[in-house]
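First comes the structure, then the notes that go with it.
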Amino acid sequence: MTPAGQAVLALLEGVVSGLVLALTALGLSLVFGVMRVVNIAHGDFFMLGAVFAWYVTTATGSFPLALLAAPLAAAAVALAADRLVLRPIGYAPEPTIVATIGLLYVLQQAVLSVYGPYARPVPEPVAFRVDLPWFGYSGYKLVVAAAATALLGAAWLLITRTRLGLYMRATQQDREIAQAFGVPVQRIYAAAFGLGAALAALAGVLIVPIRQAHYLMGLDALLLSFMAVIIGGIGSLGGTLAAALFIGLVDGALSVFFSPTLARIAASLVVVAVLVARSGGLLEVRG
Amino acid sequence: MAERKITRREALRAAGALAGASVLTTFGVRLLSASVPNDTVEAAAGPRAPLRIGFQVHRTGIGAVYGRWYERVGNAALRLINEQGGIAGRPVQIIVEDDGTDPKRGVEVVEKFVNQHRVDFIFGTLFSHVVIAAAPRAGELKVPYLVVSEGYHVASGKLNRYVFQPGITDVRAQVTAVAPWIVKNLGKRATLIFPDYAFGHDHRDFFSARLRALGGEVAALVPIPPTETSFTRYFARVPRNTDFIYHVMVGPGVLTFVKELGEHFGARKPKLFGFIDSLEGVDIATPGLEYLEGSFLWEAFPRYAGNVKTAFEQQYRDRVGVDANGASKADPKDVSTYSHMFGVWETLFVIKRAVEESGYASRTPADYRKFITTLEGFTSFPESLQHPQGPKRFNGKLHQVFGHQFISQVRNKRLVVVHRTAIEDGLYPPEGDYTKMPL
């Protein structure tokens, strides 16, 4: 393949994976920003989205229905986890880490028991092949990129333009003062946790026709989301978006021209560099 | 809430309980460790006491699809053995432990089998990284450890005297056996796509060497990290002038792999030769696998009925609950790992034969010596209900079995056998000799 062809492949792969990662990482960033909870089980909401999508499409054959139902189901699981696990331990930082690790195993093993160890496919809702001069490319991946952009836009509007978004941002800035001003903090916490899970699940639904639903698929999503959140600045939504795209593009370029392992090493090194040099993230505004 | 104070009496009671427990534990451990080499204690269990076999299974983790079927086949073989009067007249028990397809856990499972379950033998595990981690511990604990892994690690001579692979042919022999057919029918320039760890490296090394020896060449090597989920980016490295792609994958990514292969190459399709390892547990008729139509796959044991016409094959298929398409009789969507799981069945019957011919009675060093030297003395296993995959040759120095291999073509979303290799096709110059190692 010519270098031009490789560059196009790198760009396409980078943008698609970056946008899907942005969707997943946004949820993680939101949960941390609003609730100060490091949600280790975040990747498994991504997995739940994919698994629920398999169930819905197998039962009804409708992908749009899966796109609607799977995030709602994942959000319902998240709300239950918030009510039954996180709230009773008072959202204390260390116990929540341990609790969400536990949640991760509970979700994984529950899916293993019910759904099984198999990687099951979901047919693409729109299947076409884009024939480029150098290689062919999945048309559905381009659809995923467009859908992820639209969903990110919607999430952005929700956070910046709605009352719920205002409450979330207020809680993120200062929980006590927000409460003093009448923000129902407890409910905002639940909403943030549910929304975070729904965003991850949405990414899972979009990705499942490409990658199949498998009970261990959440680990990779979790790892990359953490990288995006750390590079972008913990709790900074704009930073998370930028970092996710950055990781996607670097990953695409390095893995096409060199090796995917090198790309992962490079991303990890950036995380280390950010932690050492700018612990608030790349987009941190210093006073 | 007021904090509850702990009274002195409670503290004393707790301390006493702790001390008592620790004394008991020490005593217990002493008893355990003393009993292992002690012939009389073990023999007191009596000749009619059940033979206990530890079954190390990938119930969870990346190998769970294989593990699920290994367990079903193990249980089916156990039922048959017990129906036929057990082993040496003793009933047989299988104790299952999940190793999570995790090397560290694999070591712990071996220890648990020996120290806690006190099994006579351990068998069953598959993934090469788990085998390579756990085998040395089995050697230290001096317990026979029979794997169904197909990696070359046993036959390489690099493990130890307690590790055997009597149920499934190793990768090196598989690759050696199928290479001449590939060169003759698919071409000489190959691009190898393989997982980047021991099992994949066996494919890389032995297929490359064999290809060169047959006058072919490797156009490119494309290692893929085992956790990879997307493959498009790797296809940029497949040279245009490659005659065929040789692919072997494990884990859940295979559907993505095939689909992306189709999207990437489209009509400029290279010829494909793959290993069924990628598609174990996956229905060949799954949407997205159409691109494999016409391509070739290695099989150790043909998944679709009618490709091997022996009564034993059908009996075995019925016994393990698999239908004519290689799926569970209870659920046609639950596709088996047909090309590997027969190894579990055959290994259990090898254990049976070795116990009966050696006169093994209990977990004593003397009996283990008898068991191992008897097993090392085996040279062949005839085709039978005990060995339904076909006749096999056993090399006691390598602790490795050699059998026939199959090459199948995907036709109408099914696999049809086009070639069966001879056992001799897979033989290679041995690199090790376990019989020279101390027992």
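The values are calculated or read from the model by the stated rules, or taken from the named source; none is laboratory data. Note that this is a predicted model, so its numbers are computed, not measured. With ideal geometry, Cβ positions are generated from the backbone for all residues, glycine too; neighbour counts draw on all protein chains shown. These area figures cover heavy atoms from the full protein model, side chains too; ligands, DNA and RNA do not enter into them. Shrake-Rupley method; radii C 1.70, N 1.55, O 1.52, S 1.80 Å.
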Practice problem: Please work out the Cα convex hull volume for chain B and give it in Å³ per residue. | Solution: 180
Quiz prompt | Under Karplus coefficients 6.51, -1.76 and 1.60, residue-wise ³J(HN,Hα) of the range A:111-118 in Hz, glycine/proline x | solution = 5, 4, 5, 8, 8, x, x, 7
Practice problem: Return the inverse of the average 1/r over all pairs of distinct C-alpha atoms in the range B:106-177, which is the Kirkwood hydrodynamic radius, in Å to one decimal. | Solution: 12.2
Quiz prompt | Directionally averaged shadow of the range B:227-331, computed from the convex hull of its alpha-carbon atoms, nm² | solution = 7.7
Quiz prompt | Scattering curve values for the range B:195-236, log₁₀ I(q)/I(0), Debye with Cα scatterers, q = 0.26, 0.32, 0.33 Å⁻¹ | solution = -0.93, -1.07, -1.10
Quiz item: For the charge dipole of the range B:293-439, defined by +1 on Lys and Arg C-beta atoms and -1 on Asp and Glu C-beta atoms about the Cα centroid, which residue among B:337, B:396, B:355 has the Cα displaced farthest towards the positive pole?
Solution: B:337
Quiz item: Which value does Rg/Rh take for the protein assembly as shown over its C-alpha atoms, Rh per Kirkwood?
Solution: 1.01
Quiz item: Can you flag which of B:188/B:271; B:142/B:392; B:370/B:436 are past 20 Å Cα-Cα?
Solution: B:142/B:392
Self-check item: Percent carbon-and-sulfur accessible area, the range A:76-162, ignoring ligands, DNA and RNA, probe 1.4 Å
Solution: 72
Practice problem: Considering Cα pairs under 8 angstrom that are at least six residues apart, work out the relative contact order of the range B:226-325 and quote it in whole percent. | Solution: 25
Self-check item: Minimum 40 Å² accessible area buried by the other protein chains, the range B:224-270 residues, probe 1.4 Å, relative to alone
Solution: B:229, B:232, B:233, B:236, B:237, B:252, B:255, B:256, B:259, B:263, B:264, B:268
Quiz prompt | Sequence-separation-based contact order of chain A, relative, with Cα cut under 8 Å and 6+ spacing, percent | solution = 38
Exercise. Might you tell me the accessible area per residue for the protein assembly as shown, computed with a 1.4 Å probe and given in Å²?
Key: 40
Quiz item: residue B:108 versus residue B:237, label points 7 Å from Cα toward the beta carbon: distance in nm?
Solution: 3.5
Quiz item: Looking at the square roots a ≥ b ≥ c of the eigenvalues of the Cα gyration tensor of chain A, which shape do they give, rounded for a/c under 1.5, prolate if a/b is larger than b/c, or oblate?
Solution: oblate
Quiz item: Taking the Cβ of residue B:195 as the center, what net charge do the other residues with Cβ under 11 Å away carry, scoring Lys and Arg +1 and Asp and Glu -1?
Solution: -3
Practice problem: Choose one of B:253, B:200, B:175: the residue whose Cα lies farthest towards the positive end of the charge dipole of the range B:146-258 (beta-carbon charges +1 Lys, Arg; -1 Asp, Glu; about the Cα centre). | Solution: B:175
Exercise. Determine ³J(HN,Hα), in whole Hz, for all residues of the range B:274-287 in sequence, where each value follows from phi through the Karplus function 6.51 cos²θ - 1.76 cosθ + 1.60 and θ = phi - 60°; x replaces Gly and Pro.
Key: x, 9, 4, 3, 4, 10, 5, x, 10, 5, 5, 8, 4, x
Self-check item: Rh by Kirkwood over Cα pairs, then Stokes-Einstein D for the range B:328-437 at 1.306 mPa s and 10 °C, µm²/s
Solution: 97
Quiz item: What accessible area, summed over both chains, is buried at the B-A interface (1.4 Å probe, Å², nearest 100)?
Solution: 2800
Practice problem: For the range A:8-123, restrict the atom set to alpha-carbon positions and state the Rg and Dmax in Å. | Solution: 15.7, 50
Quiz item: Mean separation of Cα pairs under 8 Å and 6+ residues apart, divided by the residue count of the range A:74-163: what relative contact order is that in percent?
Solution: 12
Practice problem: Just check the range B:212-255 against the gyration tensor rule for me: Cα atoms, a ≥ b ≥ c as the square roots of the eigenvalues, rounded for a/c under 1.5, and otherwise prolate or oblate depending on whether a/b exceeds b/c. | Solution: prolate
Practice problem: Just check the range A:226-279 against the gyration tensor rule for me: Cα atoms, a ≥ b ≥ c as the square roots of the eigenvalues, rounded for a/c under 1.5, and otherwise prolate or oblate depending on whether a/b exceeds b/c. | Solution: oblate
Practice problem: Using +1 at the Cβ of each Lys and Arg and -1 at the Cβ of each Asp and Glu in the protein assembly as shown, identify which of A:173, A:39, B:328 lies farthest towards the dipole's positive end. | Solution: A:173
Quiz item: Just from its helices, what would the mean residue ellipticity at 222 nm be for chain B, if runs of 4 or more DSSP H residues each count -39500 (n - 2.57) and the sum is divided by every residue, rounded to the nearest 500 deg cm²/dmol?
Solution: -12500 deg cm²/dmol
Quiz prompt | Potential lengthening between residue A:110 and residue A:65 on full extension [0.36 nm per residue; Cα-Cα distance subtracted] | solution = 13.9 nm
Quiz item: In debye, nearest 20: dipole of the protein assembly as shown around its Cα centre with unit charges on the Cβ of K, R (+) and D, E (-)?
Solution: 600
Quiz prompt | Where the Cα pairs of the range B:113-247 fall when distances are cut into 5 Å bins, in % | solution = 2, 10, 18, 18, 15, 13, 10, 7, 4, 3, 1, 0
Self-check item: Amide proton proximity set for residue B:164, modelled H, under 5 Å, gap of 5+
Solution: B:145, B:146, B:147
Quiz prompt | P(r) weight above 17 Å for the range B:145-211, C-alpha pairs, percent | solution = 45
Exercise. Can you list which of the trypsin sites (Lys or Arg not before Pro) found in the range B:294-387 are DSSP loop residues with at most 13 other C-beta atoms within 10 Å?
Key: B:309, B:329, B:333
Self-check item: Helix-derived mean residue ellipticity, 222 nm - over chain A, DSSP H n ≥ 4, -39500 (n - 2.57), to 500
Solution: -25500 deg cm²/dmol
